[in-house]
Amino acid sequence: MNYFLTDEQETFQQMAYEFAQGKIAPVAAEYDVKGEFPWPLVKEMARMDFFRLWIPEEYEGFDGGITEMSLVTEEFSRACGGIALALAGTALGTFPILIAGSEEQKKKYLPELASGEALAAFCLTEPEAGSDAGAIQTTAKADGDYYILNGTKHFITNGGVAKYYTVIATTDPSKGSRGASAFIVEEGTEGLVFGKKEDKMGIRASATCEVVFQDCKIPKENLLSREGQGFIIAMKTLDRSRPGVAAQALGIAQGAFDHAVRYSRERKQFGQSISSFQAIQVMLADMATQIEASRALIYATAKMVDAGIKDYGKESAMCKLFAGDMAMKVTTDAVQIFGGYGYMRDYPIEKYMRDAKITQIYEGTNQIQRNVIAAKVIRESAMHKK
Ligand code: COS
């Protein structure tokens, strides 16, 4: 389908495709087995300016938006969903600064993040606060010119490899989600400790670990916006980042599909290519249609966000829900097309299925996405919106 991307967007897409197929795909299996963070590739992504895409020009970015971020995430994920996350996780960690940062904070942090010399991570989830993001227990206590943070964040993407951590902590536990505030914590701050590194089912090249605050003292100027705004900033961050997760799911599905079509042409049974059997053709047709439907939803939503439309939480949740579920189905079918070979680690296909699963879980489970969508459509109906 033609999405009428601009010439610039098509250039970024092509650059990302070539980088992914030329540099990421050949080493994806190795990083998956080792579960190692792909520093050499991240350095090349930075050298090729991919981290500049979603940063405004005045902070040394390329002034792109969610569209550019999604296009690149999709192409990278087509080669490896885990390696792509070094970039997408940094976008996630940067969004709170873009959404709520003061001019001073933006000037201080964004140019370095745009250069890719520093990565970012977003710290919301805690052991007892996953879907229930309002239940966070990490505290930030004002103390003169500082805040003292205490608590544990877990499952943090880019944990231990990022330089900047955008952290949601409560400044007033009596107020529930209205007592949450957002902060920037820099690597090397005393009391910022990295805990257990997770051994994951998929996206194994991505660094995921516990981030622990032990009397972690940060300057007051590291507060984003005002006290009490943390939950709203977190929700706005997720609204903005979910099309990116959807793009990751889309790329993973497209990558698995590419392999499955090729394999179906090459694999011979009963004296002919299995692609000549209608049972396989039906699967391929359904996979291609689901992939394209996801792409259309993601690109349209990204365009909406980039156009400055204020409320896109519903569409953003729809992207993640639809593309995440689609990726799980498409990658499972791709394994099925490969048959017994699909189940074996010698072939690239089972990794796509393992990588796809997380897209139904993180940045809000797909059950939570349904809650978000349902709440919005019911509210719209009550307001007699079209
Ligand atoms: N944008 C702006 N404000 C928002 C918002 C959004 N998208 N969503 C909620 N808010 C506001 C509400 O308007 C409400 O404001 P008031 O207190 O002024 O009324 C406040 O935030 C609380 O909202 P709500 O009552 O809906 O919060 P809940 O505790 O019921 O939680 C869900 C809502 C479930 C949607 C939220 O907890 C969530 O998104 N959970 C998933 C978290 C997640 O994605 N975790 C993954 C980890 S990050 S990688």
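Some values worked out for this structure:
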{"quantity": "10 Å-binned pair-distance histogram of the chain (Cα, whole percent)", "calculated": "5, 24, 33, 24, 10, 3, 1, 0"}
{"quantity": "Cα-Cα over 32 Å, subset of K141/K197; K34/K153; K43/K314; K175/K217; K43/K153; K217/K314", "calculated": "K43/K314; K217/K314"}
{"quantity": "Within the accessible area of the chain (1.4 Å probe), percent carbon and sulfur", "calculated": "52"}
{"quantity": "Helix 103-115 vs. the chain, principal-axis angle (Cα, 0 to 90°, nearest 10)", "calculated": "30"}
{"quantity": "Anisotropy class of the range 121-228 from Cα gyration tensor, a/c 1.5 cut", "calculated": "oblate"}
{"quantity": "When each of K107/K236; K236/K320; K163/K200; K108/K196 is checked by Cα-Cα distance, pairs over 19 Å", "calculated": "K107/K236; K163/K200; K108/K196"}
{"quantity": "Over the chain: helical MRE at 222 nm, DSSP H runs n ≥ 4 each giving -39500 (n - 2.57), nearest 500", "calculated": "-17500 deg cm²/dmol"}
{"quantity": "Anchor K351: aspartates and glutamates whose Cα lies under 18 Å away (excluding residues fewer than 8 positions away in-chain)", "calculated": "E30, D32, E36, E74, E75, E198, D199, D258, D325, D333"}
{"quantity": "Where R379, R52 fall by accessible area, highest first, once all protein chains stay in place (1.4 Å)", "calculated": "R379, R52"}
{"quantity": "Equivalent ellipsoid semi-axes - Cα gyration tensor, the range 231-382, angstrom", "calculated": "35, 15, 12"}
{"quantity": "Whole-number accessible area per residue in Å² for the chain, which is evaluated in the context of all protein chains at 1.4 Å", "calculated": "45"}
{"quantity": "Rounded to 10°, Cα long-axis angle of helix 366-382 versus longest principal axis of the chain", "calculated": "70"}
{"quantity": "Helix 230-266 vs. the chain, principal-axis angle (Cα, 0 to 90°, nearest 10)", "calculated": "20"}
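The values are calculated or read from the model by the stated rules, or taken from the named source; none is laboratory data. The structure displayed is predicted, hence computed values, not measured ones. With ligands, DNA and RNA removed, areas are computed over all heavy atoms of the protein, side chains included. Shrake-Rupley method; radii C 1.70, N 1.55, O 1.52, S 1.80 Å.
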